[in-house]
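The values are calculated or read from the model by the stated rules, or taken from the named source; none is laboratory data. If you're wondering where the values come from, they're calculated on a predicted model, not measured in any experiment. Note that we place each Cβ from the backbone using ideal geometry, even for glycine, and neighbour counts take in every protein chain shown. Heavy atoms of the whole protein, side chains included, go into the accessibility calculation; ligands, DNA and RNA do not. Shrake-Rupley method; radii C 1.70, N 1.55, O 1.52, S 1.80 Å.
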Amino acid sequence: MNAEHRAMALVASALDIQGAVSASDDMHSLAAWSSLAHARLALELEAELGRQLTGEEVAGITSVSAVAKLLG
């Protein structure tokens, strides 16, 4: 699974979205993307990466593509 598909799955899981999440989705297009969901997403991303995110990285998680970039 490539980084983009992993990112879509991670965002859907963290935001508890049952439907499809697209690569172009961001925090403004997904109603479920609340501050609490953002924190869950950061935690799930840290678990996936096996390391803590920096504050700058957490603040930069604003879209599925940003998550994919972190996943490399």
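The table below gives the values:
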{"item": "Test for Thr54: is it among the hydroxyl-bearing types (Ser, Thr, Tyr), open to solvent by less than 60 Å² (accessible area, probe 1.4 Å) and at pLDDT 95 or above", "result": "no"}
{"item": "Filter result (in a helix (DSSP H, G or I) and either in contact with a strand residue (DSSP E or B) (Cβ under 7 Å, 6 or more places away or on another chain) or among the hydroxyl-bearing types (Ser, Thr, Tyr) (or both)) within the range 1-55", "result": "Ser13, Ser35"}
{"item": "The one condition in (1) over 19 Å from Gly72 (Cβ atoms); (2) open to solvent by 50 Å² or more (accessible area, probe 1.4 Å) that Asp25 fails to fulfil", "result": "(2)"}
{"item": "Neighbours by Cβ (under 8 Å, 6+ apart or cross-chain): first from the range 31-60, within 19 Å of Val21 (Cβ to Cβ); second hydroxyl-bearing (Ser, Thr, Tyr) and open to solvent by 60 Å² or more (accessible area, probe 1.4 Å)", "result": "Glu44/Ser13"}
